[in-house]
Amino acid sequence: MTLYAAFFTVIIIWSTTPLAVKWSALETDPFSGIFFRIIIATVAGWLVITLRRTRITWNREALTYYMVNNLSFVPGLTLVYIASKHLNSGIISLLFGFSPIISSLLGQYILNEPALRKRQWGGFAIAITGLSLLFHDQLHLLEGAGLALILLIIAVHCFSLSSVLLKRMSFEADTISTTVGTLMTSLPIFTLLWIIFGNVPPLPPDDNEALSLARSVNKGWLAIAYLGIFGSIIGMIAYLYILKRLPPSRVALATLISPIVALYLSTVFEKSHMTPSLLIGAGCVLIGITLFIWKPKG
């Protein structure tokens with residue numbers, strides 16, 4: 001895999017994942033979508049480590065690592081799937097662009113990282129202004145969007161907190177095996193959630209509805225398979241590949257490009273209406289994040 005191919009693979013997968021999450025929930029519930037995604041990802045990951053002849057570590061330190069990593073997997077992923085019912089995929093991708101900002105703020109208190117500079121605080125203020133415009137826009141367009149946005153913000157905090165806490169740990173192992181270990185330890189929890197909250201869609205009363213349901217289910221299953229293989233395994237491998245070979249500022253560009261592509265895909269496939277407040281809000285968020293992560297030379 002070349003460096004450029006890996007970089008564009010990350011952008012494509014990050015851009016399409018929110019849309020795939022929405023499609024995976026067609027005619028079913030969020031818990032079923034997550035459950036089958038994790039199963040597919042676990043099986044695919046297990047095949048990869050089997051072919052590579054690597055082993056999963058199960059000592060106390062490894063289990064602690066998996067549990068901390070599951071802070072993003074279990075509550076974070078669950079909240080994303082629930083929120084996706086009431087938000088378009090572009091907004092989901094845009095809000096996850098806040099993760100570098102949240103991680104930096106949490107890192108100051110947890111890792112004693114350096115205080116933010118004035119430029120970063122300015123970028124943070126601009127991004128928050130954009131977020132407030134997005135809140136205003138979505139509350140007027142979509143029913144249940146207010147609660148969905150709050151759940152999504154909590155999910156972003158879960159992902160960011162998990163990444164910061166993992167930095168404190170000295171556990172080192174093969175990245176694929178740690179990912180599969182995390183998936184395997186999360187599977188019992190997602191199975192329990194699916195048993196309690198999951199459901200099966202009712203049978204349609206006529207042939208036309210049956211055909212419509214079949215098309216939706218086919219699209220949903222394709223989305224689940226895509227998320228399990230590409231979103232959870234291939235995307236992770238490509239991300240780790242560029243993370244080791246590119247400076248953090250270059251890798252962070254993916255968090256800026258992905259929301260733009262995701263917003264475009266949302267207008268094409270979800271027929272989302274781009275209002276002026278949405279465009280201005282999205283622009284403010286992207287400008288704010290750029291100022292926050294940009295490091296001038298010298």
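All of the numbers you see were taken from the coordinates with simple rules; none came from a lab. These numbers come from a predicted model, not from an experiment. Reconstructed Cβ throughout: ideal geometry from the backbone, glycine too, with neighbour counts over all protein chains shown.
Brief remarks follow.
- Sparse-neighbourhood loop sites, trypsin sites (Lys or Arg not before Pro) in the stretch 21-82 - DSSP loop, at most 15 other Cβ within 10 angstrom: Arg53, Arg55
- For the listed peptides 68-80, 179-191, a ranking on the average number of other beta carbons within 10 Å per residue, highest first, reads 68-80, 179-191.
- The stretch 56-87 and the stretch 154-186: distance between their alpha carbon centers, rounded to Å: 8
- Percent of Cα pairs in the stretch 1-137 per distance bin of 10 Å, from zero to the largest separation: 9, 26, 35, 24, 6, 0.
- Computed from the Cβ-Cβ distance with R0 of 25 Å, the FRET efficiency linking Ala115 to Lys167 stands at 0.90.
- Over all projection directions, the Cα-based convex hull of the chain averages an area of 17.1 nm².
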